[in-house]
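Worksheet for the structure shown next.
Values quoted throughout were computed directly from the atomic coordinates according to the rules given, and no laboratory measurement underlies them. Note that the structure is a prediction, hence the values are computed from the model and not measured. Neighbour counts are summed over all protein chains in view; Cβ atoms, including those assigned to glycine, are modelled from backbone coordinates with ideal geometry.
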Amino acid sequence: GQSLEQPSEVTAVEGAIVQINCTYQTSGFYGLSWYQQHDGGAPTFLSYNGLDGLEETGRFSSFLSRSDSYGYLLLQELQMKDSASYFCAVRENPTGGGNKLTFGTGTQLKVEL
Amino acid sequence: NAGVTQTPKFRVLKTGQSMTLLCAQDMNHEYMYWYRQDPGMGLRLIHYSVGEGTTAKGEVPDGYNVSRLKKQNFLLGLESAAPSQTSVYFCASSRGQGHQPQHFGDGTRLSIL
């Protein structure tokens, strides 16, 4: 099985940088994804790490350390519209197909003026 | 381009009633998924499908059935609704090879009284 831990809530000010951590325990690990979900909305894909290191997409970056079973999402130049919930998700062993994901419980980010 | 469309958006049922949630995608994706999202628990996989005519159980399949008779549609059925099935249900789809981001519908809010 899989279990993931991430902080339940993070608060930061507009223009700042914030890091959302995710640690996982898994019986089969193939990668770590990050999804964003605004209140009342659908989750949307942000980033994926299949290998150790940093992936950068605009203001968002994601990092993975497989040896530490740890990853993080880094948001730079925070904007009010970044206020949302952020979920890490482990991609399971794809044997048998499915690209199945196990999601963490989410981190609610509040961006303040 | 609609992406993933879920029908209905809202529904209230009485305990013991049955209903079917419909998910349709127009991206020619091989894989489709049904999740439920409860407060503080993130997204949990109910059932998924790796292609037309195939279905498989996820993390929380009890009380639900699914069918994928056409590639673009994935149906989720509740045979005898229970209050514990009150939740927001999300459908998602993805391509089939390697890591592929999942694309989510806007959700169905289901209340069972």
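Applied to region B:98-113, the Karplus parametrisation 6.51 cos²θ - 1.76 cosθ + 1.60 on θ = phi - 60° returns per-residue 3J(HN,Hα) values of x, 6, 9, x, 8, 10, 9, x, 7, x, 10, 8, 10, 10, 10, 9 Hz, with x for Gly and Pro. Rounded to 0.05, the FRET efficiency of the A:E9 and B:L69 pair, given R0 = 45 Å and the Cβ-Cβ distance, is 0.60.
Every Cα-Cα pair of region B:1-85 was included, and the share exceeding 21 Å stands at 29 percent. Going 7 Å from the Cα of B:D106 toward and past its Cβ, which residues in region B:1-19 have a backbone nitrogen under 18 Å from where you end up? Flagged as within label range: B:1-12.
Please give every one of the aspartates and glutamates within straight-line cross-link reach of B:K70, meaning a C-alpha to C-alpha distance under 19 Å, and leave out same-chain neighbours fewer than 8 residues apart. Filter leaves B:D26, B:E30, B:E52.
Annotation for B:V12 and A:D39: the two label points, set 7 Å from Cα along the Cα-Cβ direction, are 2.3 nm apart.
The label-point distance for B:E52 and A:D68, in a model that sets each label 7 Å from Cα toward Cβ, rounds to 4.7 nm. Only lysines eight or more places from A:K81 in sequence, or on another chain, were considered; those with a Cα closer than 22 Å are A:K110.
Computed from label points 7 Å out along Cα-Cβ, the spacing between B:R44 and B:S80 is 2.0 nm. Site-free segments of chain B were taken between trypsin sites (Lys or Arg not before Pro) in DSSP loops having at most 14 other Cβ atoms within 10 Å, sites themselves excluded; the longest one is B:15-69. Arranged from fewest to most other beta-carbon atoms within 10 Å of their beta carbon, B:H47, B:H103, A:H38 become A:H38, B:H103, B:H47.
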